[in-house]
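This report concerns only the one structure given below.
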Amino acid sequence: MIIYKLVDFSAGFIEIYLFFLLCETFMERRENCRKIIYVAGAVLAGILTNVSAELLPVSLLNLIVIIVIQIAYSFLYKGSIKAHILLPMLSNTMATATEIFVLFALSILYNADISALIAAGTMRMSGVILSKFLLYIVIKYICFRFKRESVGADISYWVLFAVLFGITILTLYTFCKMLEENPSAYIRNLTMISILGLSAANVIILWLYENTFKQKSLINQKQLTEVQLKEQIKHYNDITAAQAQTRKLKHDLSNHIISIKSYVEDGKKDECLKYLDSLTDYANINSDIIDTGNSVIDAIFTAKRNLARERNIDFSADIQIPADLKINSSDCCVIFGNALDNAIEACDKVQGDKYIKVSLVYQNGSLMCKIANSMNEAKNPLLKTTKADKINHGIGLKNIRETLNKYSSMLRVEQNAGEFVLSFIIYEVK
């Protein structure tokens, strides 16, 4: 029947699409290749896959041809030879495994012989749809788990996945039971089209959900960038003011020396000391800026230090880092911004001594950070926010953990008597 041919034809394109997801996860696109080239390559690979399946059905030679097609397609991406060979083998191994799993599951469910299931067009088509949907789940999980800089997916995505998959299985089972009654060709074709439509709708729903999730992540990233930019602009303004004050002090230095000399010659010791004290305060604007050469970290720590002092929190920092660190600027904002915000929030609730102590040191290619702050005696074992607005707060530590996971790192959290300590190491940052 034409509907069965349509399912088999779609299966080839689905396999290439899923292989495309693996390439996107483990390899990088070439700079000189436009998006249309990847689309055209996938379409061509899908057509060749279907031609191979038509000419060499269910044979080892067909499997080898499909692997060769996928290897050829993979060279649109940059990657090692090992990746170009192993990814097609992995893709086809998973495809075969899901098909076998679904076939045995259907044979148990219907108490039917496997060869009979393959010969029955309706059951074979249901098996193809279920196996591709299951393969989609497996490959999507791999993509979310291993893709670098992936936005990932929250638990609601997988709940939606499970619900849609369960509904698809139940609907397929119901349709197959209906088809056992030998309906007319019109009803049979209409049922087959409904099954295909349901499967396609499920994939589209998941795709739309995933893109919504990505858009939300991009919006959050944009907001982080804006915060980072504002803090850096303020930091640069502070530096400009300090430099202007320094130039003014240097310009007036000869006059100050004359004044000091006259006080000394007249024996006016007290007046001389007062004058020197005023000059010290006058020049202290430079000491109010954290300047390590790393503009992003300088801006974050200067802004948070000033905020802490406005709230009467004693803020001390020992920062010894090079200007160039192999850490994304936005990641710096997430890690240090959230860590210091959490510390300030905890200090706000302390009645007695309020302090934040920061140690940020670079050594042997690693960045070691320790942030200790005073806190209430009562421990918070789940490390949840104590703010009323739990939707927009309480995700700081989670964001820190997820961002550190992008790098080779180690995170440790301690709650001692009246003190909270956040420590982490990021390896290979130089």
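The values are calculated or read from the model by the stated rules, or taken from the named source; none is laboratory data. Quantities reported herein were computed from a predicted structural model and do not represent experimental measurements. Cβ atoms come from the backbone with ideal geometry, glycine included; neighbour counts cover every protein chain shown.
If you take the residues of the stretch 324-376 that are in contact with an Asp or Glu (Cβ under 8 Å, 6 or more places away or on another chain) and surrounded by fewer than 16 Cβ atoms within 10 Å (Cβ to Cβ), which of them is farthest from residue 402 (Cα to Cα)? Per the criteria, the residue is 353. In the condition set (1) among the aliphatic types (A, V, I, L, M); (2) at pLDDT 90 or above; (3) surrounded by fewer than 18 Cβ atoms within 10 Å (Cβ to Cβ); (4) out of contact with any Pro (no Cβ under 6 Å at 6 or more places or on another chain), residue 69 is compliant with all but (3). Kindly indicate whether residue 119 is without any contact (Cβ under 8 Å) to a residue 40 or more places away in the chain, within 30 Å of residue 188 (Cβ to Cβ), among the hydrophobic types (A, V, I, L, M, F, W, C) and surrounded by fewer than 13 Cβ atoms within 10 Å (Cβ to Cβ). Yes, satisfied. Does residue 31 fit the bill of being over 24 Å from residue 137 (Cα atoms) and either aliphatic (A, V, I, L, M) or out of contact with any Pro (no Cβ under 8 Å at 6 or more places or on another chain) (or both)? Criteria met by residue 31.
Here the stretch 163-187 is the region considered, the condition is being farther than 14 Å from residue 105 by Cβ and surrounded by 17 or more Cβ atoms within 10 Å (Cβ to Cβ), and the residue that is modelled with the highest pLDDT is 164.
The set of residues from the stretch 84-105 being within 12 Å of residue 134 (Cβ to Cβ) and surrounded by 16 or more Cβ atoms within 10 Å (Cβ to Cβ) comprises 94, 95, 98, 99, 102, 103.
Just give me the residues in the stretch 67-80 being assigned to a helix (DSSP H, G or I), of a type in the set (A, V, I, L, M, F, W, C) and within 12 Å of residue 19 (Cβ to Cβ), in sequence order. Residues satisfying the conditions are 67, 69, 71, 72. Among the residues making up the stretch 307-316, those that are over 30 Å from the mean Cα position of the chain (by Cα) and either within 23 Å of residue 226 (Cβ to Cβ) or free of Cβ contacts under 8 Å to residues at least 40 places away in the same chain (or both) are 309, 310. When the stretch 21-55 is filtered for residues that are in contact (Cβ under 8 Å) with a residue 60 or more places away in the chain and of a type in the set (Asp, Glu), only 24 remains.
Within the stretch 58-90, the set of residues being among the polar types (S, T, N, Q) and either free of Cβ contacts under 8 Å to residues at least 40 places away in the same chain or in contact with a strand residue (DSSP E or B) (Cβ under 8 Å, 6 or more places away or on another chain) (or both) comprises 59, 62, 80.
Take residue 209 and decide whether it is more than 25 Å from residue 102 (Cα to Cα) and in contact with a Phe, Trp or Tyr (Cβ under 9 Å, 6 or more places away or on another chain). It is true that residue 209 is more than 25 Å from residue 102 (Cα to Cα) and in contact with a Phe, Trp or Tyr (Cβ under 9 Å, 6 or more places away or on another chain).
Please tell me if residue 2 is of a type in the set (A, V, I, L, M, F, W, C) and modelled with pLDDT of 90 or more. The answer is no for residue 2.
Matching residues to (1) surrounded by 13 or more Cβ atoms within 10 Å (Cβ to Cβ); (2) assigned to a helix (DSSP H, G or I):
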| residue | (1), (2) |
| --- | --- |
| 50 | yes, yes |
| 54 | yes, yes |
| 58 | no, no |
| 65 | yes, yes |
| 82 | no, yes |
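Among residues of the stretch 267-289 being modelled with pLDDT under 80 and among the acidic types (Asp, Glu), the one that is surrounded by the most Cβ atoms within 10 Å (Cβ to Cβ) is 288.
Please enumerate the residues belonging to the stretch 407-420 that are touching a residue at least 24 places away in the same chain (Cβ under 8 Å) and within 19 Å of residue 362 (Cα to Cα). If you could, list the steps in order and put the result at the bottom.
Taking the stretch 407-420 first, the residues touching a residue at least 24 places away in the same chain (Cβ under 8 Å) are 407, 413, 415, 417-420.
The one that is touching a residue at least 24 places away in the same chain (Cβ under 8 Å) and within 19 Å of residue 362 (Cα to Cα): 407.
In the stretch 317-333, the residues that are polar (S, T, N, Q) form Cβ pairs under 7 Å with partners that are at pLDDT 85 or above, at six or more places apart or across chains, as follows: 320/361; 320/362.
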